[in-house]
Structures are given as C-alpha cells and as structure tokens.
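Enquirer: A single structure is presented below for examination.
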Amino acid sequence: MRIDNFFAELKRRNVYKVAVAYAIVGWLLVQVATQVFPFLEIPNWIVRLVIVLVAAGFPVALVIAWAFELTPEGIKRTEDVDPTASARQPRKYTWIFVVILGAALSAGLFFIGRFTARNTAGAAGTELPAKSIAVLPFDNLSRDPDNAFFAEGVQDEILTRLAKVADLKVIARTSTQRFKSAPENLPDIAQQLGIANILEGSVQKANDQVRVNVQLINALTSAHL
C-alpha cells in the first residue's frame, strides 16, 4: 500500500477522529485522577493505574478503529461496509461539540485542581506542633508599678524551666512582648507564633506575700487545659 493511500485509508476509517476523541477523553480521565482523586483520599496507586490504562488503551483504540466500523446496523468489519454509505459522512458538528465539551471539562477540572491544591496547602499551613508553647507577659496586679519587673522575672523563670523540657518548642520572650496578657484573639497569636498552647497569668505582690495565677490554654480552641 502506497503511503498516500495509507493516510487516505486512515481518514476513511475515521482513525484520526478516534485518535482525537480518545486523546480528549483520556486526558480528561487523567485530570480527574490526578486532581480529584487526592481530594477524595483515593490511594495513589489507583491514580497511577488510571494513567497506565489510558496510555495502554490508545493503540488498542486505533486498532479497533482501523478494523471495525460503527454503522446503523451495528459494529461491522470495515471491509464489509460500503465506503459510500451515508454513515461514513463526516459529522462536523458532532466533533465541534466534542471539542467544546472537552475544553469546558478541562477548564473545570483545572480550577477544581487549583482550588483543592490551595485548600490542601492552607490546611497544611494551619497545622501547629502540639508540643509548642508561648508564655505571654504576666499582668502586674499590684498597686506598685515597680512590681512589673518582678512579673517579668516570673515570666523569665517559667520560660527557663520550660526550655529544659525535651521536644518542647518554647517561644522566646522577645517574640511575645508585643502581646498583652489575656489577649482577645488567641488563634491569631497562635498562627503568628506557630504554637498550639499559650501560658498566661498574673502576679500580685503585697508586702511579703506573692500570688501567681497561671492558665494554660489551647490557642486554637481557647479551651483551658
């Protein structure tokens, strides 16, 4: 068979159209597998299986398109079909519809992938280490303003002891000085400092008596621990 006749036969048997249609549908299936499956927590091996099956099915689809023809009477071998039959007339509008539908689905899957990726990254960004703590400046409840230095000393002593605990992330005092004790938005502070727990409290000194009140709080839920 001459090369010109071969390509003409490919066109007559609709092999080109099948290749384009399979490429569009296969690409959509791969996009669904790679973009949507992880969001649904479907195992990665299934995603890889879909990609392999789509790739392996391409030559099979071309062979079937070469050997068989879809007619109003059903599927027949190409050699048994009259080449001049009306069923072989090109259906331009059908192919335009397929291309438009494929483009629309591709755009939808693209934005779904971007949305799910952004949500995944955002969820990963909000995960804070459970073994982490920040000690906020203690309130000085004494009438003497000079006792504020004593409150700072109590905070420093607590920080020093916490820093000796293994596997515990402790935020330095210089990073917490801008936050007042008993802040209103603990989750916001937790995100800024990258911690899951906050220790806040107050110090009251009168004569020779000292009263220290501390509270350990889950910064994400504002629940006392």
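We did not get these values from a lab; they are worked out from the coordinates using the rules stated. Since the structure is predicted, the reported quantities are computational estimates derived from the model, not experimental observations. Reconstructed Cβ throughout: ideal geometry from the backbone, glycine too, with neighbour counts over all protein chains shown.
Enquirer: Taking θ = phi - 60°, what integer Hz values does the Karplus form 6.51 cos²θ - 1.76 cosθ + 1.60 yield along the stretch 130-135, in sequence order, with x for Gly and Pro?
Expert: 5, 8, 8, 8, 10, 9
Enquirer: Once label points are set 7 Å from the Cα along Cα→Cβ at both ASP208 and LEU225, what is their separation, rounded to one decimal in nm?
Expert: 3.7 nm
Enquirer: Then there is this: Give the peptides 47-57, 193-203 in descending order of average Cβ contacts within 10 Å, highest first. Could the numbers behind the result be given before it?
Expert: Numbers: 47-57: 13.6, 193-203: 20.7.
Output ranking for 47-57, 193-203: 193-203, 47-57.
Enquirer: Expressed in nm to one decimal, what extension gain is obtained for the pair ALA56 and GLU9 from 0.36 nm per residue of sequence separation less their Cα-Cα distance? Before the final figure, lay out each step's value.
Expert: Details: separation 47, 0.36 × 47 = 16.92 nm, distance 2.36 nm.
The span from ALA56 to GLU9 would gain 14.6 nm if fully extended.
Enquirer: Among DSSP beta bridges lying fully in the stretch 132-224, give the percent that are antiparallel, nearest 5.
Expert: Around 65 percent of the beta bridges assigned by DSSP in the stretch 132-224 are antiparallel ones.
Enquirer: If you wrap a convex hull around the Cα atoms of the stretch 132-224, how much volume per residue is inside, in Å³?
Expert: Expressed per residue, the convex hull around the Cα atoms of the stretch 132-224 is 95 Å³.
Enquirer: Pop out the ³J(HN,Hα) list for the stretch 47-60 in order, Karplus 6.51 cos²θ - 1.76 cosθ + 1.60 with θ = phi - 60°, rounded to Hz; leave Gly and Pro as x.
Expert: In residue order, the calculated couplings are 4, 5, 5, 4, 4, 5, 5, 5, 5, 6, x, 4, x, 5 Hz.
Enquirer: So, one more: With θ set to phi - 60° and the Karplus curve 6.51 cos²θ - 1.76 cosθ + 1.60, what are the ³J(HN,Hα) couplings of the stretch 24-29 in order, to the nearest whole Hz, using x for Gly and Pro?
Expert: Each residue of the stretch 24-29 in turn: 5, 5, x, 4, 5, 4 Hz.
Enquirer: Taking amide H atoms as placed 1.01 Å from N in the peptide plane, list the residues 5 or more away in sequence, or in a different chain, whose amide H sits under 5 Å from that of VAL135.
Expert: ILE171, LEU199
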